[in-house]
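Reviewing the structure listed below.
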Amino acid sequence: MSIETLKALANEIQNASLINLAEQATGSTFTGGGWTVNTSRHYVTPEIDAALLEHADQIGLSGAIDDLFGAAIVNPSEQRAALHWALRLPPESDLTQSEHDTTVRALEKAKSLVDSGDFSAIVHIGIGGSDFGPRLYADAFADKQLDGVELRFCANVDPLDLDLALRGLTPERTLIIGISKSFGTEETLYNLGRARSWLEAALGAERAAAHLLLVTANPERATAWLDGTPATTLGMPISVGGRYSIWSAASVAVMASFGPETFKDFLAGAADMDRHVKSSPIETNLAARLALLDFWNTSFMGFGARAVLAYSRRLRMLPTYLQQLEMESNGKSVGPTGREAPLLTAPLLWGGEGSVGQHSYHQWLHQGTHIVPAEFILAPGSHSDADGAEALTAHALAQAEVLANGRTLAEVQSEEPDLEPHVAKQKVHPGGRPSSFLSTDELTPKTLGALIALYEHRTYLAGVLWEINSFDQWGVERGKTMATRLKPALRGETPADDASTQRLIEQIK
């Protein structure tokens, strides 16, 4: 199916009724890994659906799935496979990967930390993918944390972040865990250096080293950082990018703070989703279906953003996690061959916690001038109170319905006949806002694992459709390089190369 044909179909459906489209939608509910996904409220007809599936076949989406799980090179920029899925292979798997072994060793280390009882506090220091994933997990299951261990996080180079992370802790009972794949990440090394000095001031250099656990793919550099003192390290596979590292030793802090068995459930849920994505045809494949929707909504319908609305206390940090996963992976305009992407690529992703967001930005979603597809995720954190779970569900369903169906002037006047005309008009909701609805009975470590794996696969497949490489991040690297170059200018040693930057430096000083 040609791009021009898809563009023509998009033009034809721009003014269609979303109510009618949803009523006529068939085959728009899909299941896998403990999740159910409904995509009926989108600007998609059976003809468009068939065209998208035909395009998926032409571009080789099924082959892309085979390549990923076959350990083929899917990251051509670095000539690497992407083996994050191998980290969560079940123990009985016939496929042995060194990547999986690193997770096994991390779980063993976490168990030894729990069993020893040597530490009453763990401070996790990392940034980006080395921070977002463990922080999401810790916040999601805060009620399940083991007694006797306090877990804190530090990522920002603002000195206050580490000050707060160490505040009130006792060095003798504190374990500092530093996460850096290259062991060259500036922000992480800055905070690790300060934390190391804090330990050494109380314990001395030799004892302090025993309170440091370094997770890296470069143990030699970690040992050099400790001035030759052998560092206690756990490995990070070079074939796993930071934003896909939640399954790895990068999560050893939460493995220890919440128990290795709980984390194994998390891995098992991801493995369930892997099996679904690997074995399901594109027509019923959750990841492929959502990737095709992203492709359609962004590249043809022209929707430049997507709102993730997590109706779950446990998922309140999910939009932040997904921002890195999706926008760092697919926020690109040039493919691996140097060819410009033929279409608009990844949209802005943002969102928050339902029903909290209903009292802030939902007003903009309902009656603003921009149409933003929404993604509702209904996953109660608890059924301890039936009324609360029912209210959460009712709010999610109501918001999706009003976004799609709106409220006409006739409906307003019928329901509130005494309103002045100008007031009645202000209560009109235009509707026509598309949405997907993802649901599971309860958010557990297992269903969270499945959900994150689903988003990983969706992101990769969307990148295939957009003809870009989801596994490099040159935009991130450039910013780091420029920050290093500007430090002498901030110290007044040399002027900045850019005149505007130099004026900003003078303003700051």
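Points to keep in mind about this one:
- Candidates GLU493, GLU506, GLU477 - the one that is within 30 Å of TYR244 (Cβ to Cβ) and either exposed (fewer than 13 other Cβ atoms within 10 Å of the Cβ) or free of Cβ contacts under 8 Å to residues at least 12 places away in the same chain (or both): GLU477
- Members of the range 1-12 that are part of a helix (DSSP H, G or I) and either closer than 14 Å to GLN58 by Cα or touching a Leu at 6+ places or on another chain (Cβ under 8 Å) (or both): ILE3, THR5, LEU6
- Remark: GLY148 matches the filter, which requires a residue to be open to solvent by 30 Å² or more (accessible area, probe 1.4 Å), at positive phi and among the small types (Gly, Ala, Ser).
- Helices (runs of 4 or more DSSP H) contained in the range 132-236 and holding at least 3 residues closer than 21 Å to SER248 by Cα: 186-203, 219-225
- Some residue of the range 428-435 being touching a Ser or Thr at 6+ places or on another chain (Cβ under 8 Å) and closer than 30 Å to ALA271 by Cα: no
- Scope the range 1-30; condition among the β-branched types (Val, Ile, Thr) and without any contact (Cβ under 8 Å) to a residue 24 or more places away in the chain; matching residues: THR26, THR29
- Taking each residue of the range 341-364 that is under 20 Å from PHE295 (Cβ atoms) and looking for partners that are open to solvent by 70 Å² or more (accessible area, probe 1.4 Å) and not β-branched (Val, Ile, Thr) with beta-carbon atoms closer than 7 Å, six or more apart or interchain, yields ALA341/SER333; ALA341/GLU467; PRO342/GLU467; THR345/SER333.
- Only one of ALA410, ALA379, ALA310 that is out of contact with any helix residue (DSSP H, G or I) (no Cβ under 9 Å at 6 or more places or on another chain) and of a type in the set (A, V, I, L, M, F, W, C): ALA410
- Within the range 35-50, considering residues that are buried (at least 20 other Cβ atoms within 10 Å of the Cβ) and not aliphatic (A, V, I, L, M), the one nearest to the chain's Cα centre (by Cα): TRP35
- The number of residues in the range 424-454 being assigned to a helix (DSSP H, G or I) and buried (at least 21 other Cβ atoms within 10 Å of the Cβ) comes to 10.
- Elements of type helices (runs of 4 or more DSSP H) contained in the range 304-413, each with 3 or more residues being crowded, with 18+ Cβ neighbours inside 10 Å: 318-322, 386-405
- For the range 13-34, a residue qualifies if it is open to solvent by less than 40 Å² (accessible area, probe 1.4 Å) and in a helix (DSSP H, G or I), and the qualifying residues are ILE13, LEU18, LEU21, ALA22.
- Applying the condition of being of a type in the set (S, T, N, Q), touching a Ser or Thr at 6+ places or on another chain (Cβ under 9 Å) and modelled with pLDDT under 95 to the range 99-129 and asking which residue is least open to solvent (accessible area, probe 1.4 Å) yields THR103.
- Selection from the range 149-169 of residues that are closer than 13 Å to ALA256 by Cα and in contact with a Phe, Trp or Tyr (Cβ under 9 Å, 6 or more places away or on another chain): VAL149, LEU151
- Residue in the range 255-303 that is least open to solvent (accessible area, probe 1.4 Å), counting only those that are of a type in the set (D, E, K, R) and closer than 25 Å to ILE3 by Cβ: ASP294
- Among the residues making up the range 310-331, those that are in contact (Cβ under 8 Å) with a residue 40 or more places away in the chain, in contact with a strand residue (DSSP E or B) (Cβ under 8 Å, 6 or more places away or on another chain) and within 24 Å of GLY241 (Cα to Cα) are LEU315, ARG316, LEU318, LEU322, GLU326.
- Among (1) within 29 Å of GLU477 (Cα to Cα); (2) open to solvent by less than 60 Å² (accessible area, probe 1.4 Å), the one test that THR174 misses: (1)
The values are calculated or read from the model by the stated rules, or taken from the named source; none is laboratory data. Bear in mind the structure is a predicted one, so any value in this text is a computation, not a measurement. Because the Cβ atoms are built from the backbone with ideal geometry, glycine has one as well, and the counts that use them run over all protein chains shown. Accessible surface areas use protein heavy atoms only, side chains included; no ligands, DNA or RNA. Shrake-Rupley method; radii C 1.70, N 1.55, O 1.52, S 1.80 Å.
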